[in-house]
Amino acid sequence: MNSSQPVVRWQLEVRGIVQGVGFRPFVYSLACRLGLSGFVLNHSSGVRIEIQGPEAALEEFCRRLAEQPPPAARIESIQRRPVAVVAEEGFRIVASQSAEQESTPISPDLATCEDCLREFATPGDRRYHYPFINCTNCGPRYTIVRDIPYDRPQTTMAVFRMCPECQREYDDPADRRYHAQPNACPRCGPQVWFVGRGEDQERFARPGADSPRGEAAFGCCHRYLDQEKIVAVKGIGGFHLAALASSDRALELLRRRKGRVDKPFALMVPDLETAARLVHLGPGEARLLTSPARPIVLLPRRKDAPVSDLVAPGNRFLGIMLPYSALHVLLLDGRVLVMTSGNRSEEPIARTNQEARERLAPLADAFLLHDREIFVVCDDSVTRVFAGAELPVRRSRGYAPMPVLLKSRGPSVLATGGELKATFCITKENRVYLSPHVGDMGNLETLRAFERAVDHFLRLFRVQPELVVCDLHPGYLSTRWATQWARQHKVPLLQVQHHHAHIAGVLLEHGFAREQRVLGVSFDGTGYGPDGAIWGGEFLVCDWSQYRRVAQLKYVPLPGGDAAIARPYRVALSWLWAAGVDWHPELPPVRACPPAERNVLRQQLERNLHCVPTSSMGRLFDAAAALAGVRQQISYEAQAAMELEACSLPPEQVPPYRFDLHAENEPWQVDPRPMWHQLAAEVLAGVGVERLAARIHRTVAEMILRVCRELRTRERLETVALSGGVFQNVVLLRYVLARLQEAGWNVLLPRQVPPNDGGLALGQAAVALGRLANGAAG
């Protein structure tokens with residue numbers, strides 16, 4: 001230190017993802033290099049640094065802190081203030097401090113870093129081929145943490161006492177594994193073992209004397225996989241079911257056992273070179289695949305991709321991910337594997353070895369287990385690149401629980417999301433913490449997983465909600481749960497309209513002021529309206545707290561509710577009936593509907609029996625897919641619409657069908673009845689499905705463009721926000737985005753959360769915060 005310059009001392013409070021990411025050793029090394037004294041410590045709301053030396057050196061320290069943090073850190077703010085100079089020598093790392101109501105963001109799980117992978121692949125290294133290798137820059141975080149501060153005793157690694165060598169690394173501020181809480185080696189850390197189907201249940205708790213362990217366990221997995229069998233694999237955030245991606249036999253077996261008829265499976269591939277042989281891979285997608293989050297990335301399939309057609313039937317995309325732990329590297333050993341969630345369809349993912357034994361035994365031929373507890377289930381994230389940026393489909397491992405930041409501090413809110421693709425979020429100060437994907441709330445098991453996750457979030461982030469928010473739909477399990485929770489905890493309950501929440505979430509993540517109005521286009525399959533109808537083709541003028549329904553897709557009767565959703569031919573027949581189009585026996589939905597059912601359906605429509613009116617654009621796409629002959633019955637949500645999208649030519653190559661816009665009264669009515677006449681005529685004339693699909697997409701796009709154009713002047717708006725599950729359709733979205741931007745609109749898309757119901761909780765929180773700010777919530 002240059003003694004000719006006056007010495008000053010600053011206290012820095014650093015907020016963000018700064019625990020469990022190597023931040024303190026980074027600070028220690030930086031201070032030592034600059035010859036500064038002081039200390040650094042973790043506390044419940046972040047990291048505190050006191051730094052002392054010449055002012056110029058302190059300024060340089062702060063610059064590097066902000067501009068060159070560790071790769072996994074995410075700094076939200078650095079606040080500094082002068083404090084009294086003290087007599088001290090050197091810089092040190094001191095013990096963590098905890099405060100009762102303070103909290104800090106927790107890092108998501110991070111894929112194994114290149115440094116660890118080099119050690120893992122080096123014969124003679126003490127962690128050679130160790131499945132649980134990690135350091136401060138990588139490895140599990142969120143899935144092992146029980147409480148904060150993020151220290152080893154507060155994680156599921158607490159039961160593994162470090163050997164002297166690991167302890168030395170853990171205690172050395174200059175070491176890459178300094179305070180790496182999952183730090184371990186083969187001598188002292190978690191172990192892996194193999195269990196065949198039907199073995200004693202004790203072997204699920206701990207390996208037997210003759211159980212294959214370590215590399216022998218992986219050898220057994222490889223033999224089973226190569227014999228076209230299914231292996232349940234305990235990973236980072238839960239269990240997977242693994243099968244050889246090239247094997248029709250293995251995938252037929254997996255689909256039959258899991259009850260997953262057609263829904264696409266994800267693939268795990270060893271490297272980018274292998275991925276490029278399966279899919280068309282751009283630089284943006286390659287960056288996502290190799291990012292620390294390691295999500296599943298949706299990519300266009302190559303025609304000659306050497307994988308079974310049963311991986312993704314009727315879909316032109318494959319979901320690809322790279323190994324995100326050393327365990328997965330050993331499991332693949334050069335193979336391409338289907339890695340699908342370890343559950344039966346619609347159930348939560350198995351978390352513990354015991355759950356796997358009880359629930360996955362009918363599905364798997366063998367198990368690869370380990371003894372590191374998974375405290376929090378975290379499914380794989382799914383995403384894609386659209387218009388040069390990420391468009392999430394499922395936000396979970398690698399992203400959760402990273403917060404979305406608010407521009408100002410506000411009260412604490414618990415938002416419980418919807419029914420499908422369920423997630424929840426909590427707000428605290430200027431952060432919105434979003435949960436991982438929970439699943440579809442259609443059964444008691446998923447509800448229990450939801451409750452456990454909510455309890456953990458509230459404890460982890462020290463939140464006592466002042467308001468609970470849920471959907472308007474009275475039949476949603478999440479609505480009933482929120483109502484009961486609010487009553488038990490004597491907290492006000494706010495119910496938020498589904499499509500307003502979709503748009504409000506986009507406004508929040510883009511930093512729009514609470515009172516700033518936009519035109520929101522919210523298209524999806526199902527959302528309860530205050531009039532008791534099922535909405536889903538909505539044009540809203542709204543801000544965070546209020547909305548006005550200015551236009552909608554014309555209502556059509558939905559006969560039989562959920563029965564119609566599962567059988568798109570019923571929705572098609574309903575639209576044809578509403579449009580006055582004859583049910584010609586050669587039309588595909590007419591052929592698909594048994595005569596007796598057809599007679600009942602006609603009576604329902606004519607007498608309005610058990611028919612719910614719907615403005616759902618998702619159902620319109622289902623009906624169009626059925627009429628075009630693409631899909632008459634579905635086995636998973638949006639299957640018909642996705643297969644229609646997969647058939648489509650670019651919309652700009654075809655003219656739209658006709659539709660009407662009735663603007664006499666608000667909400668304006670977007671009336672597609674002329675479209676059904678033209679579409680039915682083209683189907684009967686034998687027009688190719690690719691052209692039919694393109695004209696359908698072009699027509700929906702023109703509906704959006706026309707309504708936006710005619711509302712623009714009247715409402716004096718320049719920004720349009722697009723959200724809802726229909727906007728996962730990239731054929732539609734690409735065309736609409738280009739045309740809106742050509743017309744001068746500022747177009748907002750969801751970028752941090754999915755446009756589907758996985759992003760709904762964020763929007764509910766936005767509405768709640770907006771109304772609380774206006775004094776109108778509860």
Among the numbered criteria (1) small (Gly, Ala, Ser); (2) touching a Phe, Trp or Tyr at 6+ places or on another chain (Cβ under 8 Å); (3) over 30 Å from GLU515 (Cα atoms), which single criterion is violated by ALA680?
(2)
Checked ALA486, ALA422, ALA482 against criteria (among the small types (Gly, Ala, Ser), modelled with pLDDT of 95 or more and under 30 Å from PHE539 (Cβ atoms)); the one match is ALA482
Somewhere in region 117-136, is a residue polar (S, T, N, Q), open to solvent by 50 Å² or more (accessible area, probe 1.4 Å) and over 30 Å from PRO6 (Cβ atoms)?
yes
Restricting the first residue to region 684-710 and requiring it to be more than 16 Å from GLU742 (Cβ to Cβ), which pairs with a second residue that is acidic (Asp, Glu) and surrounded by fewer than 16 Cβ atoms within 10 Å (Cβ to Cβ) meet a Cβ separation below 8 Å and a spacing of at least six or different chains?
LEU684/GLU586
From the option list PRO190, PRO173, single residue qualifying as open to solvent by 10 Å² or more (accessible area, probe 1.4 Å) and touching a Lys or Arg at 6+ places or on another chain (Cβ under 8 Å) is PRO173
If a residue counts only when it is over 18 Å from the mean Cα position of the chain (by Cα), which strands (runs of 3 or more DSSP E) contained entirely in region 317-398 have at least 2 such residues?
337-341, 366-370
It is to be established whether one or more residues within region 753-769 are open to solvent by 10 Å² or more (accessible area, probe 1.4 Å) and either among the hydrophobic types (A, V, I, L, M, F, W, C) or over 24 Å from the mean Cα position of the chain (by Cα) (or both).
no
Kindly evaluate ALA356 against the criterion of being touching a residue at least 40 places away in the same chain (Cβ under 8 Å), farther than 19 Å from GLY758 by Cα and surrounded by 19 or more Cβ atoms within 10 Å (Cβ to Cβ).
yes
Any residue at all in region 714-728 that is on the phi > 0 side of the Ramachandran plot and crowded, with 22+ Cβ neighbours inside 10 Å?
yes
Taking region 643-673 and keeping only residues that are acidic (Asp, Glu), buried (at least 17 other Cβ atoms within 10 Å of the Cβ) and farther than 24 Å from ARG631 by Cβ, one is left with ASP671
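Could you list, in sequence order, all residues of region 189-248 that are assigned to a loop (DSSP other than H, G, I, E, B) and modelled with pLDDT under 95?
ARG197, GLY198, GLU199, ASP200, GLN201, ARG206, PRO207, GLY208, ALA209, ASP210, SER211
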Scan region 409-439 residue by residue and report those that are charged (D, E, K, R) and under 13 Å from the mean Cα position of the chain (by Cα).
LYS421
Residues being open to solvent by 60 Å² or more (accessible area, probe 1.4 Å) and in contact with a helix residue (DSSP H, G or I) (Cβ under 7 Å, 6 or more places away or on another chain): count how many of those fall in region 674-710.
2
Anything in region 412-459 that is touching an Asp or Glu at 6+ places or on another chain (Cβ under 7 Å) and free of Cβ contacts under 8 Å to residues at least 12 places away in the same chain? List them, or say none.
none
For region 279-293, check the following and say yes or no: at least one residue is among the acidic types (Asp, Glu), under 17 Å from the mean Cα position of the chain (by Cα), part of a helix (DSSP H, G or I) and modelled with pLDDT of 95 or more.
yes
Does region 260-267 include one or more residues that are farther than 23 Å from ALA389 by Cα and among the β-branched types (Val, Ile, Thr)?
yes
Please specify each residue of region 224-260 satisfying the condition of being farther than 30 Å from THR156 by Cα and of a type in the set (D, E, K, R).
ASP226, GLU228, LYS229, ASP248, ARG249, GLU252, ARG255, ARG256, ARG257, ARG260
What pairs can you find where one residue is in region 118-132 and in contact (Cβ under 8 Å) with a residue 60 or more places away in the chain, the other is open to solvent by 80 Å² or more (accessible area, probe 1.4 Å), and their Cβ atoms are less than 8 Å apart, with a gap of 6+ or different chains?
PHE120/TYR128; ARG126/ARG187; HIS129/GLU215
Do we find a residue being more than 22 Å from TYR433 (Cβ to Cβ), touching a residue at least 60 places away in the same chain (Cβ under 8 Å), of a type in the set (S, T, N, Q) and touching a strand residue (DSSP E or B) at 6+ places or on another chain (Cβ under 8 Å) anywhere in region 71-90?
no
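Could you pull out the residue among GLY505, GLY439 that is buried (at least 22 other Cβ atoms within 10 Å of the Cβ), touching a Gly at 6+ places or on another chain (Cβ under 6 Å) and either under 30 Å from GLN19 (Cβ atoms) or not charged (D, E, K, R) (or both)?
Exactly one of GLY505, GLY439 is buried (at least 22 other Cβ atoms within 10 Å of the Cβ), touching a Gly at 6+ places or on another chain (Cβ under 6 Å) and either under 30 Å from GLN19 (Cβ atoms) or not charged (D, E, K, R) (or both), namely GLY505.
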Could you tell me which of the residues ALA572, ALA592, ALA566 is open to solvent by 30 Å² or more (accessible area, probe 1.4 Å), in contact with a helix residue (DSSP H, G or I) (Cβ under 6 Å, 6 or more places away or on another chain) and in contact (Cβ under 8 Å) with a residue 24 or more places away in the chain?
ALA592
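Quick grid of which residues meet (1) at pLDDT 95 or above; (2) in a loop (DSSP other than H, G, I, E, B); (3) more than 22 Å from ASN746 (Cβ to Cβ); (4) of a type outside the set (Gly, Ala, Ser):
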| site | (1), (2), (3), (4) |
| --- | --- |
| PRO655 | yes, yes, yes, yes |
| LEU661 | yes, no, yes, yes |
| GLN669 | yes, no, yes, yes |
| LEU679 | yes, no, yes, yes |
| LEU692 | yes, no, yes, yes |
| MET703 | yes, no, no, yes |
Applying the selection to region 651-673, what residues are in contact with a helix residue (DSSP H, G or I) (Cβ under 8 Å, 6 or more places away or on another chain) and farther than 30 Å from LEU420 by Cα?
GLU652, GLN653, VAL654, PRO655, PRO656, TYR657, ARG658, PHE659, ASP660, LEU661, ALA663
When region 255-273 is checked residue by residue, the ones that are over 20 Å from LEU327 (Cβ atoms) and buried (at least 16 other Cβ atoms within 10 Å of the Cβ) are ARG255, ARG257, LYS258, ARG260, ASP262, LYS263, PRO264
Evaluate region 756-766: report whether one residue or more is at pLDDT 95 or above, within 30 Å of THR427 (Cβ to Cβ), assigned to a helix (DSSP H, G or I) and among the charged types (D, E, K, R).
yes
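Okay, residues lined up against (1) in contact with a strand residue (DSSP E or B) (Cβ under 7 Å, 6 or more places away or on another chain); (2) of a type outside the set (S, T, N, Q); (3) modelled with pLDDT under 95; (4) within 26 Å of VAL47 (Cβ to Cβ):
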| position | (1), (2), (3), (4) |
| --- | --- |
| SER107 | yes, no, yes, yes |
| ALA121 | no, yes, no, no |
| TYR128 | no, yes, no, no |
| PRO131 | yes, yes, no, no |
Would you point out the residue of region 68-84, among those that are over 12 Å from LEU12 (Cβ atoms) and at pLDDT below 95, that is most open to solvent (accessible area, probe 1.4 Å)?
PRO71
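The values are calculated or read from the model by the stated rules, or taken from the named source; none is laboratory data. The structure presented is a predicted model; accordingly, all values stated were derived computationally and were not measured. With ideal geometry, Cβ positions are generated from the backbone for all residues, glycine too; neighbour counts draw on all protein chains shown. We work out accessible area using only protein heavy atoms, side chains counted, and drop any ligands, DNA or RNA first. Shrake-Rupley method; radii C 1.70, N 1.55, O 1.52, S 1.80 Å.
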